[in-house]
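What follows is a set of notes on a single structure, which appears directly below.
The values are calculated or read from the model by the stated rules, or taken from the named source; none is laboratory data. What you are looking at is a predicted structure, and each value in this text was computed from that prediction instead of being measured. Every residue, glycine as well, gets a Cβ built from its backbone with ideal geometry; the counts of neighbours run over all protein chains shown. The area values use the complete protein model at the heavy-atom level, side chains included, leaving out ligands, DNA and RNA. Shrake-Rupley method; radii C 1.70, N 1.55, O 1.52, S 1.80 Å.
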Amino acid sequence: MSIYIRGTGSFQPGIKLTNKDLEKMVDTNDQWIVERTGIKSRNISDGITTVEMALEAGKRCIKDAGINPEEVDLIIVSSVSTEMITPTCSSFIQHKLGCKNAIAFDINAACTGFVYGVANARAMLKTMNMRYAIIIGVDTLSKITDYDDRSTCVLFGDGAGAVLIEYSNEESKDNFHAYLRSDGSLARYLTGVNRLNESPFVDRKNSVDKEYLDEDMEELINNSKYLYMDGREVFKFATKKIIEAIKTVSEMSNTSLDEVKYIVPHQANSRIIEYSARKLGLPMDRFFVNIDTMGNTSSASIPMALDDMNKQGLMSDGDKLILTGFGGGMTWGAVFVEWSKHK
Ligand code: COA
């Protein structure tokens, strides 16, 4: 059985927010942002919804793959910022894209969500003997970003990316491997937006059940209108886990990192990527980086990067890729996958 990436698509919303623009909003400057993060600009929603961005990326992905929407068997959307809990974002996509035969559901594993989505899709294609899956990573983080908080608002952007994978049980190549991890004991380092029970039956508004939570989490949950992040802790976590994930998935696939054409990391901070490259003894040109114009788009960053690479013609059939993410939860992981636009 084999699995291949067959198509990609992406969407960046209308407002380009530069570092200079942010200088007018908070006490920051272009030099600090570029030196500490590698980000020069990011695009922000002017009102376009998470669903609409996902739809556009999905549409472009199906067009790129050159298949009929009715052939799609599975749609998984990963996001922390969909408009509705139900119907899911993927339900809208399924209907609007005309994928009338597809199973559709959403997942949330924060910025690792796309990697989780690909691994889930592959498992379902295999178990249920299906052929095509679209995995969409989409986030409108501007909805949950505090634009008075300079430590977070300079980092995030909005966007959507989609990837179509094909599963084939006719071929004998075992060319997919996944390494997924979670550690809920670190959850307090990255949190955002509560959905507390505010029904008339609850006597204390915004109450949180203390029994199940660490003390600092209670405070974070009660006050979580926006994303909160302990940047230094997340930085330490990210550098350690990304290296672990890349090494593990390369061992699982019996493929040395020299044989991998590109490592496509979650675009959170160029310093995290540079540090990981140094520790792995790899040149930076083996990592794809487009954070300078994207910012951190959470679930969308890896599929948007793949679409960027596809448009630039960086990949050929048979190229091996490692996609790696980390984020809230805390979660992290990597998948080893093959590029193949033409069968
Ligand atoms: N502009 C100017 N100064 C800023 C600033 C900004 N936007 N944000 C923070 N600072 C200041 C701090 O207040 C601090 O000042 P002080 O020394 O007077 O206290 C100083 O810069 C250094 O802050 P620090 O938080 O140590 O900076 P850093 O080098 O760790 O960079 C991050 C901050 C957020 C860029 C970095 O920690 C990071 O990228 N973390 C990981 C984030 C991540 O990956 N998140 C996504 C997970 S999915």
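Numerical summary
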item	result
FRET E, pair E35, D146, Förster distance 22 Å, beta-carbon r, rounded to 0.05	0.45
Distance between the stretch 53-85 and the stretch 251-301 - C-alpha centres, whole angstrom	25
Residues D183 and S2, FRET efficiency given R0 of 30 Å [Cβ-Cβ distance, rounded to 0.05]	0.40
Built amide H within the under 5 Å cut-off of S81, gap 5+	T140
Distance (nanometres) between label positions extended 7 Å along Cα→Cβ at I85 and K279	3.7
Reach of K236 by Cα under 17 Å, taken over aspartates and glutamates that are not fewer than 8 positions away in the same chain	D183, E244, E274
Whole-number accessible area per residue in Å² for the chain, which is evaluated in the context of all protein chains at 1.4 Å	44
Partners for K311 among aspartates and glutamates (Cα-Cα distance below 18 Å; same-chain residues under 8 apart left out)	E56, D64, D285, D292, D319, E338
Most to least packed among 157-165, 121-129, 233-241, 194-202 [average Cβ atoms within 10 Å]	157-165, 233-241, 121-129, 194-202
Potential lengthening between I103 and Q312 on full extension [0.36 nm per residue; Cα-Cα distance subtracted]	72.1 nm
Virtual spin-label span in nm between S168 and H342, 7 Å along Cα→Cβ	1.4
Proximal lysines relative to K247, as straight alpha-carbon distance under 16 Å, when same-chain residues fewer than 8 apart are discounted	K261, K279, K320
